[in-house]
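Comments concern the structure below.
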Amino acid sequence: MLVAEQQAAKLTLQQLQTLKEHQAGKHVEQSQRLLSQQFDQRRAEKAVQQARFRKGIVGFLDRLTGRKKKVEAQNQAETLEAMAIVQAEQQALRRRQDTERLGIQSKAEEVKTHASSVREELSEDIKTLISGFEKEASQKRETFKAKRRASAERPKLRSRNRDGPSFSP
């Protein structure tokens, strides 16, 4: 059962990695789309601002009367306001992306923690089994030794020399 849980955790980690990669691509796409929209919007605003300036003799009269400076001030105020809006949009996008990223990271941490606890349980089970086998083996060894000591007949030990009979007494 623990092996199945470990495989499920591994599968979930793979799914989270795939989701993370998909999300990273999606975030890049969203950022590029926002920058493109902001660039187009800025270009349109510049065109509107340039259209406010009159050309020719009327433009010269606007310079003399001070209307041109008023239009420049209005354009500058609109530019600053637009820049503040752009920054706010970018920050909102970053916050939204960070929230999504943190959600995936927290899920990954949960899966890693679960996998770690499963590994610890498995190692404890293995240690328990090994110690049980060692106890069983030592008990069998001790019973074998006790039987050997108790038995009167022991098997003959062969000499190490196998070249022929030994003539020593």
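Only Lys, Arg, Asp and Glu carry charge here, each on its Cβ (+1 for the first two, -1 for the last two); on that basis segment 1-112 has a dipole of about 820 debye about its Cα centre. Cα centroid separation, segment 105-144 to segment 26-44: 55 Å. Relative to the Cα centre, the charge distribution of segment 48-114, modelled as +1 at Lys and Arg Cβ and -1 at Asp and Glu Cβ, gives a dipole magnitude of about 540 debye.
With the convex hull drawn around the C-alpha atoms of segment 9-115, the volume per residue stands at 63 Å³.
Take each peptide in 101-112, 125-136, count the other Cβ atoms within 10 Å of every residue, and average; sorted highest first, the result is 101-112, 125-136. Test of understanding: extend the Cα→C-beta vector of Leu80 to 7 Å, then name every residue of segment 23-56 with backbone N under 17 Å from that spot. Within reach of a label on Leu80: no residues. Of the residues Ala108, Gly56, Ala73, the one whose Cα sits farthest toward the positive end of the charge dipole of segment 9-115, with +1 on the Cβ of Lys and Arg and -1 on the Cβ of Asp and Glu, is Gly56. Taking 7 Å steps out from each Cα toward its Cβ at Ala137 and Gln105 produces label points 4.7 nm apart.
Taking Lys140 as the anchor, which lysines have their alpha carbon closer than 28 Å to its alpha carbon, excluding any fewer than eight residues away along the same chain? Leaving aside lysines fewer than 8 places away in the same chain, those within reach of Lys140 are Lys127, Lys156.
Only the coordinates and a few stated rules stand behind these numbers; no lab work does. Because the structure is predicted, anything quoted here is derived from the model rather than measured. Neighbour counts run over all protein chains shown; Cβ positions are idealised from the backbone, glycine included.
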